[in-house]
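Visitor: Mind looking over this structure? Questions follow.
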There are 2 protein chains.
Amino acid sequence: MDTNELGPGKEEIIEATYRALNKHGYSDLTIQHIADEFDKSKSLLYYHYDGKETLFADLLQYTTRKFLDELQRSGETPKEQLDHLVDRLLPETIEEDRYSAQVALLELRSQVPYVDVYAEQYTEIDRLFKGTVRDIIEDGVEAGQFHDVDTELEAELLVSLINGMRTRRLTSDVFSVTDAREALSDHLDRRLYLE
Amino acid sequence: MDTNELGPGKEEIIEATYRALNKHGYSDLTIQHIADEFDKSKSLLYYHYDGKETLFADLLQYTTRKFLDELQRSGETPKEQLDHLVDRLLPETIEEDRYSAQVALLELRSQVPYVDVYAEQYTEIDRLFKGTVRDIIEDGVEAGQFHDVDTELEAELLVSLINGMRTRRLTSDVFSVTDAREALSDHLDRRLYLE
């Protein structure tokens, strides 16, 4: 995957959007907030984007591809890659700016039924994320490191589990990420990892 | 649990709120929309509630308790109760008004980090839901129908799995509820159900 396929000039705009999203959340965010984070001229921003929604759609695409690229380079073995996935998506602690970004992204996701470009992006994210998890599991099975499982079914479980835990973390004060990671680790040990 | 603990008069208001939420979604909903669904006077509504947010908080409490009450009466055996849980939370098809309600609830949930009464309610929902699932699993273990599992850990997995699948269903066009249910059924067969 080529993370630069956004085109020249866009990457800096997307990064400015991410910083603005962290600061202001989703609902209150204006193009002006994004322009404030952007070193170059506001007209350049308008040249590339006609509104908030297409900007956010590109932000989603950009961060997802960057994350999945990183994931595939993150470890020598399929097990290391899955462990990295859990560490990145369910870290023990979240820094404040990352927490704000996750909150903003949950809000954005809740708008999927109303905004077509978000629906396209989240469908693509779901497809790519599940596909990457399935590929890693397949590699593990082929390398004789994982049980000989139904890779499609295991990817379905893992993607939903992580998704559910991340939402609960943001929306429930009784959720314990330590307990969740322990449950997830037990799940992986039993379902996938050999020895 | 007593589902009527909302107090007299409130139940009809909550049901009007639910109908209004189905029709108008979360963001655009006004007290007037709710009053339009309510047979009695608007002043009665204001007598009980000072705004949208406390109304939604009571709606969340009311529907959750009703659901959990129903769940515990839904089957003779713990296995029947868990199967009922999956049928109710991940039905093969969703009627249009229920779909609209789920979309509105996802939007409401995304507001948890900004609205204290939602945070309280979703924390309580998470606590009650996980507690009920854990109780059912405990019953299954005690009755010798389930494997002798760590009930806390199993409840953590099941609640997160269902949560993740419900969010993905609303936000990804490639999500297949049939595949998800198959994966969930396989998960329950291996982790819990004996024979």
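The values are calculated or read from the model by the stated rules, or taken from the named source; none is laboratory data. It should be emphasised that the depicted structure is a prediction, and the values quoted were computed from it without experimental measurement. Note that each Cβ is placed from the backbone with ideal geometry, even for glycine, and that neighbours are counted across all protein chains shown. What goes into the accessible areas is simple: the full protein's heavy atoms, side chains included, and nothing from ligands, DNA or RNA. Shrake-Rupley method; radii C 1.70, N 1.55, O 1.52, S 1.80 Å.
Visitor: Please report, in debye to the nearest 20, how large the charge dipole of the stretch B:1-126 is about its Cα centre when each Lys and Arg carries +1 at its beta carbon and each Asp and Glu carries -1 there.
Guide: 200 debye
Visitor: Indicate the gyration tensor shape class of the protein assembly as shown (rounded, prolate or oblate), computed on the Cα atoms with a ≥ b ≥ c the square roots of the eigenvalues: a/c under 1.5 is rounded; otherwise a/b larger than b/c is prolate and the rest oblate.
Guide: Here the protein assembly as shown falls in the oblate category.
Visitor: Karplus couplings for the stretch A:68-80 from phi (6.51 cos²θ - 1.76 cosθ + 1.60, θ = phi - 60°), rounded to Hz, Gly and Pro as x?
Guide: Karplus values, whole Hz, x for Gly and Pro: 5, 4, 4, 4, 5, 9, 7, x, 6, 10, x, 5, 4.
Visitor: Using only Cα atoms, find the angle between the long axis of helix A:177-191 and the longest principal axis of chain A, and express it within 0 to 90 degrees, rounded to the nearest 10.
Guide: Taking the Cα atoms of chain A, the angle to A:177-191 is about 50 degrees.
Visitor: With Cβ to Cβ distances under 13 Å as the rule, what net charge do the other residues near B:L170 carry (K, R +1; D, E -1)?
Guide: Neighbourhood net charge equals +3.
Visitor: Pick from A:D126, A:D58, A:D28: which residue has the top mean-square fluctuation in a GNM of chain A where Cα pairs under 10 Å get a spring?
Guide: Maximum fluctuation in the GNM of chain A, among the listed residues, is at A:D28.
Visitor: Sticking with this one: What is the sum of charges, Lys and Arg at +1 and Asp and Glu at -1, for the other residues whose Cβ falls under 11 Å from the Cβ of A:Q111?
Guide: -2
Visitor: Right, another one. Round to the nearest 10 and give me the degree value, 0 to 90, for the angle of helix A:10-24's Cα axis relative to the longest principal axis of chain A.
Guide: Its long axis makes an angle of about 90 degrees.
Visitor: Another question about this same structure. Considering only the label points, 7 Å along Cα→Cβ from Cα, what distances in nm to one decimal separate A:E12 from the same position in each other copy, shortest first?
Guide: Inter-copy label distances (nm, one decimal, shortest first): 6.3.
Visitor: With a 1.4 Å probe and all protein chains left in place, how much accessible area per residue does chain A have, in Å²?
Guide: Accessible area per residue: 46 Å².
Visitor: Order the following by accessible area, largest value first: B:R65, A:R168, A:R134. Probe radius 1.4 Å; ligands, DNA and RNA are ignored.
Guide: Correct descending sequence by accessible area is A:R134, B:R65, A:R168.
Visitor: Continuing with the same structure: How large is the helix-only mean residue ellipticity at 222 nm for chain B, computed as the sum of -39500 (n - 2.57) over DSSP H runs with n ≥ 4, divided by its residue count, in deg cm²/dmol to the nearest 500?
Guide: After summing the helix terms and dividing by the residues of chain B, the value is -23500 deg cm²/dmol.
Visitor: Output, in nm with one decimal and in ascending order, the distances from the B:S176 label point to the matching label points of the other copies (7 Å from Cα along Cα-to-Cβ).
Guide: From this label point to the equivalent ones elsewhere in the assembly: 3.8 nm.
Visitor: Continuing with this model, one more query. With an 8 Å cut-off on Cα pairs and a minimum separation of 6 or more residues, tell me the relative contact order of the stretch A:1-84 in percent.
Guide: 32 percent
Visitor: Still on this structure, please answer the following. Output, in nm with one decimal and in ascending order, the distances from the A:E120 label point to the matching label points of the other copies (7 Å from Cα along Cα-to-Cβ).
Guide: Inter-copy label distances (nm, one decimal, shortest first): 4.3.
Visitor: Mind grabbing the accessible area of A:H48 for me, 1.4 Å probe, Å², rounded to tens?
Guide: Probe radius 1.4 Å; accessible area of A:H48 about 50 Å².
Visitor: Give me the net charge of B:A16's neighbourhood, meaning all other residues with Cβ under 15 Å from the Cβ of B:A16; Lys, Arg count +1, Asp, Glu -1.
Guide: -2
Visitor: Also, quick follow-up: What FRET efficiency comes out for the pair A:T77/B:E152, r = Cβ-Cβ distance, R0 = 35 Å, nearest 0.05?
Guide: With a Förster radius of 35 Å, E is 0.70.
Visitor: Report the paramagnetic label zone for A:D36: residues of the stretch A:90-116 whose backbone N is under 16 Å from a point 7 Å from Cα along the Cα-to-Cβ axis.
Guide: Counting backbone N atoms under 16 Å from the label point, the list is empty.
Visitor: Determine the shielding of peptide B:150-163 by partner chains: average, over its residues, the number of Cβ atoms on other chains within 10 angstrom of each Cβ.
Guide: Mean number of neighbouring Cβ atoms from other chains: 6.
Visitor: Using Cα-Cα distances under 8 Å and only pairs 6 or more residues apart, what relative contact order does the stretch B:96-166 have, in percent?
Guide: The normalised contact order for the stretch B:96-166 reaches 22 percent.
Visitor: Continuing with this model, one more query. Taking chain B as the reference, fit the longest principal axis to its C-alpha atoms, fit the long axis of helix B:151-171 to the helix C-alpha atoms, and give the angle between the two in degrees, 0 to 90, nearest 10.
Guide: Tilt relative to chain B: about 50 degrees.
Visitor: In percent, how large is the relative contact order of chain B, given Cα pairs closer than 8 Å and 6 or more residues apart?
Guide: Across chain B, relative contact order equals 22 percent.
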